[in-house]
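I have placed the structure first, in the form of structure tokens, so that the comments after it can refer back to it.
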Amino acid sequence: MSKHAILLMSFMLTLAVLPQTFATVTYNITNTAAQTLGGIRYENQIGYKYAKHALKSSNLFIWRIFQQRNKADRANVTLVHLFIDDMDGVAYCEDNKIHFSTNYIAGYQGDLNKEFSGVIYHEMTHVWQWSGNGSTPSGLIEGIADFVRLKAGYIPSHWVQPGKGDKWDQGYDVTARFLDYCEGLRNGFVAELNKKMRYAYSVDYFVDLVGKTVDQLWSEYKAAYTSYVVKT
Ligand SMILES: *[C@@H]1O[C@H](CO)[C@@H](O)[C@H](O)[C@H]1NC(C)=O
Ligand SMILES: *[C@@H]1O[C@H](CO)[C@@H](O)[C@H](O)[C@H]1NC(C)=O
Ligand SMILES: *[C@@H]1O[C@H](CO)[C@@H](O)[C@H](O)[C@H]1NC(C)=O
């Protein structure tokens, strides 16, 4: 086959795959607090281009982690907003609108761009994850969002280490670390769990996927990270 024929074929292949894989999602980014310290720091250190890149790459990463290859596998979302707002806290996502705190940006010590991306990966997960029609425990919802952040390599220094925490559904980093342990037992565990939660939620999904109750899994997870001090 000539080089041109191969190029043409790969071009046609790209065209065939494009509408599925890169189904158009538009990102609308608005800094509503450009006069605040955090709003100014956002413009100087992050800015529109970096923010848009973070949104887009988080999106593609999440579809891959969730094994949502086709439009039919995903939530029907074509527009995601990002607002840089004068507010407390870190960020939240509601109705495909991500709100990011300028107070947080202003006070952040460390690699701001890395932290910004990590938070975006977490919030963007809320756009695409299923919630069992609202019946999934919030600890699991937040744990899955942090699991995505963990898999993307944006692990902040304040996170607990693996094996820490009191309950499997404590949320955030604790649940993310536990889900990563489950992922080790079954490759694609979180993707499968998320798929099951499309219309409903049951704690039995853990049994369906790895043959053990979530309480059993949590005990085994904790035991795996217990270090025994041997006195001699
Ligand atoms: C983007 O957001 C701004 C601010 O909310 C709004 O004025 C504008 O209409 C939005 N554009 C789209 C395409 O939704
Ligand atoms: C997706 O949402 C749009 C409106 O945002 C709606 O017009 C369309 O019918 C929806 N498609 C499906 C398959 O639900
Ligand atoms: C989802 O929940 C809402 C109310 O919370 C309910 O009205 C609706 O019937 C539920 N849908 C399904 C498919 O269970």
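The values are calculated or read from the model by the stated rules, or taken from the named source; none is laboratory data. Here the structure is a predicted model, which is why all the values come from computation and not from measurement. Counting neighbours? That spans all protein chains shown, and the Cβs are built from the backbone with ideal geometry, glycine included. Keep in mind that these areas ignore ligands, DNA and RNA; they rest on the heavy atoms of the full protein, side chains included. Shrake-Rupley method; radii C 1.70, N 1.55, O 1.52, S 1.80 Å.
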Suppose we filter the range 159-170 for residues that are aliphatic (A, V, I, L, M) and crowded, with 19+ Cβ neighbours inside 10 Å; how many remain?
0
Output for the range 125-169, where each listed residue is of a type outside the set (A, V, I, L, M, F, W, C), under 28 Å from Arg74 (Cβ atoms) and outside any helix (DSSP H, G or I):
Gln129, Ser131, Gly132, Asn133, Gly134, Ser135, Thr136, Pro137, Gly153, Tyr154, Pro156, Asp169
Filtered residues of the range 84-104 (kept if polar (S, T, N, Q) and within 14 Å of Ser117 (Cα to Cα)):
Ser101
Restricting attention to the range 43-57, does a residue exist that is away from ligand 3 (no atom under 16 Å from the Cβ) and in a strand (DSSP E or B)?
no
Hey, does the range 26-36 have a residue that's under 17 Å from His81 (Cα atoms) and assigned to a helix (DSSP H, G or I)?
no
From the residues in the range 77-97 that are within 16 Å of ligand 1 (Cβ to nearest atom) and part of a loop (DSSP other than H, G, I, E, B), which one is surrounded by the most Cβ atoms within 10 Å (Cβ to Cβ)?
Met87
Give Phe116, Phe100 a once-over and let me know the one that is part of a helix (DSSP H, G or I), open to solvent by less than 40 Å² (accessible area, probe 1.4 Å) and away from ligand 2 (no atom under 16 Å from the Cβ).
Phe116
Of all residues in the range 151-169, which are in contact with a helix residue (DSSP H, G or I) (Cβ under 6 Å, 6 or more places away or on another chain), within 14 Å of Gly139 (Cα to Cα) and of a type outside the set (Phe, Trp, Tyr)?
Gly165, Asp169
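Condition check ((1) of a type outside the set (Val, Ile, Thr); (2) within 16 Å of ligand 3 (Cβ to nearest atom); (3) under 30 Å from Ser219 (Cβ atoms)) across all residues:
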residue: Ala91; (1), (2), (3): yes, no, no
residue: Lys114; (1), (2), (3): yes, no, no
residue: Gly134; (1), (2), (3): yes, yes, yes
residue: Phe147; (1), (2), (3): yes, no, yes
residue: Lys151; (1), (2), (3): yes, no, yes
residue: Pro162; (1), (2), (3): yes, no, yes
residue: Val174; (1), (2), (3): no, no, yes
residue: Asp180; (1), (2), (3): yes, no, yes
residue: Gly184; (1), (2), (3): yes, no, yes
Quick one: in the range 124-138, which of the residues that are more than 16 Å from ligand 2 (Cβ to nearest atom) and open to solvent by less than 10 Å² (accessible area, probe 1.4 Å) is nearest to Gly171 (Cα to Cα)?
Thr125
